[in-house]
Amino acid sequence: MSSSEGNRSSRPTFILLGFSEYPGLQVPLFLIFLSIYAVTVVGNLGMIIIIKINPKLHTIMYFFLSHLSFVDCCYSTVVTPKLLENRVVKEKTISFSGCIMQFSFACIFAVTETFMLAAMVYDHFVAVCNPLLYTTIMSQKLCVLLVAGSYTWGLVCSLTLSYFLLALSYGESNIINNFICDHSVIVSVSCSDPHISQMLCFIIAVFNEVSSLIIIIVSSVFTFITVMRMPSASGCQRTFSTCASHLTTITIFHGTILFLYCAPSPKTSWLSVKVASVFYTVVIPLLNPLIYSLRNRDVKNTFRKLVVTKSLWHSI
């Protein structure tokens, strides 16, 4: 048997340390993460349902937002159930295949969200700066291509990085000092040289961040200039409100990604990495539906109608 075949046949079972160094916090953390996950799933699925049933929301912006909600719901579901399980079980383990699968799906949804947010900002830029040509530029075909392209590129990045992770050798060191099978922690337990895999991850992360942020920054600057020239105060305020929703989501998401992947520092503690990982895998999927729903009158009105209809149905 060759050494590569031997390595593949002896894949380790990983131990996810997570926050196990704080035994007194396991139950509170479980309750917090469970609450966040429940609100995340209900919020994102609720957003998709509201967009589906309200004809006023059958617009391009909400087409992107419904996919963003779907991605957030899937992203949280990939990570949080295992995080919850490891708060209550004694053996905090995950199989090698399970670990690679978790990373693969998390990578797909993270990359997809990166470019979905950029597409939403570009859509808003076209709506503000070229309102007369909006329907021509943002055609249904282009929107479908942007969404399909985001999913496809996420899949390509995931398969590429996963392939190079599978090419590494893994020995007796099987302790992962995190709650999620992230690329950095998987290569940290490898017993072969992970330089190529690490460089590839860094290049992909930088490319995704730079390309998406160029679209976001350029679109936002031109949108801001156009808004400042608007004679109508109400139109200006409404446009700024939408911009604020986009920029809040983007700042939180990209700030965390830049901290974790594009600005690595040997001084960064594992606790900081864990907290940042919690933020972008658990908290951000919760924030997106809240940010967009709380700032949108049509979404809030549709939600109220659903609540009233449900209450009347139960009273009959």
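Some points to look at:
- The range 257-291: number of residues that are buried (at least 17 other Cβ atoms within 10 Å of the Cβ), hydroxyl-bearing (Ser, Thr, Tyr) and at pLDDT below 75: 1
- Val39 vs. criteria at pLDDT below 90, of a type in the set (Val, Ile, Thr), open to solvent by 60 Å² or more (accessible area, probe 1.4 Å) and over 14 Å from the mean Cα position of the chain (by Cα): no
- Reported count of residues in the range 202-223, each being of a type outside the set (Asp, Glu) and touching a Ser or Thr at 6+ places or on another chain (Cβ under 8 Å), is 4.
- Selection of first residues in the range 154-172 that are under 18 Å from Ser192 (Cβ atoms) and of second residues that are open to solvent by less than 70 Å² (accessible area, probe 1.4 Å) and part of a loop (DSSP other than H, G, I, E, B), restricted to Cβ pairs under 7 Å at least 6 apart or on distinct chains, gives the following pairs, ordered by first then second residue: Leu168/Ser192; Leu168/Pro194; Ser169/Ser192; Tyr170/Arg11; Tyr170/Pro12; Tyr170/Val189.
- In this structure, Phe33 does not satisfy being open to solvent by 60 Å² or more (accessible area, probe 1.4 Å), touching a residue at least 12 places away in the same chain (Cβ under 8 Å) and under 23 Å from Asn177 (Cβ atoms).
- Check on Glu113, assigned to a helix (DSSP H, G or I) and open to solvent by 10 Å² or more (accessible area, probe 1.4 Å): no
- Residue count for the range 143-182, restricted to those that are among the polar types (S, T, N, Q) and touching a Pro at 6+ places or on another chain (Cβ under 9 Å): 2
- Scanning the range 207-221 for residues that are among the hydrophobic types (A, V, I, L, M, F, W, C) and surrounded by 14 or more Cβ atoms within 10 Å (Cβ to Cβ) yields Leu213, Ile215, Ile216.
- Those helices (runs of 4 or more DSSP H) lying entirely in the range 123-222 with at least 3 residues at pLDDT 85 or above and among the β-branched types (Val, Ile, Thr): 134-137, 140-166
- Set Leu83, Leu65, Leu117: member being closer than 30 Å to Phe14 by Cβ, under 18 Å from the mean Cα position of the chain (by Cα) and touching a residue at least 40 places away in the same chain (Cβ under 8 Å): Leu83
- Residues of the range 190-200 classified as open to solvent by 60 Å² or more (accessible area, probe 1.4 Å) and within 30 Å of Arg87 (Cα to Cα), total: 2
- Note on the range 137-189: residues that are more than 21 Å from Leu200 (Cβ to Cβ), among the acidic types (Asp, Glu) and open to solvent by less than 40 Å² (accessible area, probe 1.4 Å) amount to 0.
The values are calculated or read from the model by the stated rules, or taken from the named source; none is laboratory data. If you're wondering where the values come from, they're calculated on a predicted model, not measured in any experiment. Cβ coordinates were reconstructed from backbone atoms using ideal geometry, including for glycine residues, and neighbour counts include every protein chain displayed. Each accessible area value is taken on the protein alone, full model and side chains, heavy atoms only, with ligands, DNA and RNA left out. Shrake-Rupley method; radii C 1.70, N 1.55, O 1.52, S 1.80 Å.
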